[in-house]
Amino acid sequence: MENLVDAGTRELGRSGITVGPLAFGCWRFTHDHIRDARTALDSALENGMHLVDTADVYGLDWGGTGFGACETLLGAVLSDAPELRDQIVLATKGGIHPPVPYDSSPDALRRACEASLHRLAVDTIDLYQVHRPDLFTHPEAVASTLLALRDEGKIRAIGISNHTPAQHDAIREFLGDALATTQPQYSAAELGPLRDGTFDRCARDGVTPLAWSPLAKGRLASGEDLRPELIALLDELAAREEVTRAAVAIAFTLAHPTRPVSIIGSQNPEHLHAATAALRVHLDRADCYRIVVASDGEPLP
Ligand SMILES: NC(=O)c1ccc[n+]([C@@H]2O[C@H](COP(=O)([O-])OP(=O)(O)OC[C@H]3O[C@@H](n4cnc5c(N)ncnc54)[C@H](OP(=O)(O)O)[C@@H]3O)[C@@H](O)[C@H]2O)c1
């Protein structure tokens, strides 16, 4: 049967920006030394992960030293090695504003974007994403701020994250084809976007999904806190494909027809390299449905 795992390059929506199927996530980019940060980034790039996804808020939790810390570290790496800038599709996010907690009002979003540019020490952000929807800003105001930032050359493409399908519809109404990406949580353990309308919106609008936590924050690698039948099935497929369970789980996120990009969160060069085995995995339709059933814990009708 046909292999559904799509290892080809993807365009981010209709932005003209092309990336590989695996991206490097910087939520855990909380290295104590710039040398270790550089090692992780170099490893990601060597393994074809040219889309680098961070956020202004990264560093506030997960071992960081505060708001902006991960962007500042990435900016320090890029300042040390300016030749890396052109090898990266630089993605960041704004709109989480502790303790408010969300603020995408025009002034706040503009200030957030400009502060990210400063911390990252770059002139342009390739993909700027609204990290979480601000329930108290009209989507037309969010969209017009983002379009203005794009017209000023501060950002090249626009994305959203953690938006419900209805919130996607509302902001897309004002962004049109400028909406390039959406970033939901998606993995073999978190199937929401398959059935809640998120991927259907991507199919309808030509928006590229960026799957966050494709290993369910590492649980699909460790096997902790997951249905035993899901782990057993992923292990069976891993043995058949002669790869790790993590590689099968990452491959599953690449098997949807909307051609998601999988944002790998590892900071470990060995794990980053091993993740590329996902691109050699063959999962057919029956394999994918078996994963859905094992993840749901009940048969499909
Ligand atoms: N938009 C949002 O709201 C949102 C939320 C969360 C995350 N994200 C994005 O998604 C990215 C990925 O999230 P995540 O870090 O939770 O992703 P993940 O890839 O699901 O999990 C990564 C974690 O798994 C661990 N791990 C253990 N064994 C592994 C193996 N064999 N291969 C790879 N990793 C292994 C990693 O540790 P080692 O480092 O030791 O390998 C790391 O701690 C983030 O960096 C961020 O860019 C976005």
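The values are calculated or read from the model by the stated rules, or taken from the named source; none is laboratory data. The model shown is predicted, which means the values in this text are computed figures rather than measured ones. Positions of Cβ are generated from backbone atoms using ideal geometry, with glycine treated the same way; all protein chains shown enter the neighbour counts.
The residue that is farthest from I96 (Cα to Cα), counting only those in segment 49-60 that are within 10 Å of the ligand (Cβ to nearest atom), of a type outside the set (F, W, Y) and part of a loop (DSSP other than H, G, I, E, B), is T54. Considering segment 112-154, and only residues there that are out of contact with any Ser or Thr (no Cβ under 6 Å at 6 or more places or on another chain) and β-branched (V, I, T), the residue that is nearest to L12 (Cα to Cα) turns out to be T124.
In segment 23-48, what residues are more than 10 Å from the ligand (Cβ to nearest atom) and within 25 Å of T253 (Cα to Cα)? Of everything in segment 23-48, those that are more than 10 Å from the ligand (Cβ to nearest atom) and within 25 Å of T253 (Cα to Cα) turn out to be L41, D42, S43, A44, L45, E46, N47, G48. Scanning segment 222-231 for residues that are free of Cβ contacts under 8 Å to residues at least 12 places away in the same chain and either away from the ligand (no atom under 15 Å from the Cβ) or surrounded by 19 or more Cβ atoms within 10 Å (Cβ to Cβ) (or both) yields one hit, P228. When segment 208-221 is filtered for residues that are assigned to a helix (DSSP H, G or I) and either near the ligand (Cβ under 6 Å from one of its atoms) or touching a Cys at 6+ places or on another chain (Cβ under 8 Å) (or both), only A221 remains.
Screening P98 against (1) closer than 25 Å to L73 by Cα; (2) crowded, with 19+ Cβ neighbours inside 10 Å leaves a single unmet condition, (2). Once segment 9-22 is narrowed to residues that are under 27 Å from S104 (Cβ atoms) and assigned to a loop (DSSP other than H, G, I, E, B), the residue that is nearest to the ligand (Cβ to nearest atom) is L12.
Need pairs with beta-carbon distance below 7 Å; first residue in contact (Cβ under 8 Å) with a residue 60 or more places away in the chain and closer than 19 Å to P209 by Cβ and within segment 128-147, second aromatic (F, W, Y) and within 16 Å of the ligand (Cβ to nearest atom); sequence gap 6+ or separate chains. From residues that are in contact (Cβ under 8 Å) with a residue 60 or more places away in the chain and closer than 19 Å to P209 by Cβ, there are no pairs. Taking every residue in segment 273-288 that is at positive phi and pairing it with any residue that is in a helix (DSSP H, G or I) and within 14 Å of the ligand (Cβ to nearest atom), at least 6 positions away or on another chain, yields no pair with a Cβ-Cβ distance below 9 Å. For segment 82-102, the set of residues classified as within 21 Å of the chain's Cα centre (by Cα) and away from the ligand (no atom under 16 Å from the Cβ) consists of L84, R85, D86, Q87, listed by residue number.
Pairs meeting the criteria (first residue in segment 89-104 and at pLDDT below 95, second residue outside any loop (DSSP other than H, G, I, E, B), beta carbons under 9 Å, at least 6 apart or on different chains) are H97/A108; H97/A112.
To keep it simple, each residue is scored yes or no on (1) small (G, A, S); (2) closer than 30 Å to G176 by Cα; (3) touching a helix residue (DSSP H, G or I) at 6+ places or on another chain (Cβ under 8 Å).
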| residue | (1), (2), (3) |
| --- | --- |
| D200 | no, yes, yes |
| A203 | yes, yes, no |
| A211 | yes, yes, yes |
| R227 | no, no, yes |
| I231 | no, no, yes |
| H271 | no, no, yes |
| A286 | yes, no, no |
| I291 | no, no, yes |
| D296 | no, no, no |
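Which is in contact (Cβ under 8 Å) with a residue 12 or more places away in the chain and either out of contact with any Ser or Thr (no Cβ under 8 Å at 6 or more places or on another chain) or loosely packed, with under 15 Cβ neighbours inside 10 Å (or both), of D61, D80, D107, D56? Sole residue among the options that is in contact (Cβ under 8 Å) with a residue 12 or more places away in the chain and either out of contact with any Ser or Thr (no Cβ under 8 Å at 6 or more places or on another chain) or loosely packed, with under 15 Cβ neighbours inside 10 Å (or both): D80. Counted as qualifying within segment 234-301 are the helices (runs of 4 or more DSSP H) with 2 or more residues that are more than 12 Å from the ligand (Cβ to nearest atom), over 28 Å from W62 (Cβ atoms) and out of contact with any Gly (no Cβ under 8 Å at 6 or more places or on another chain), namely 285-296.
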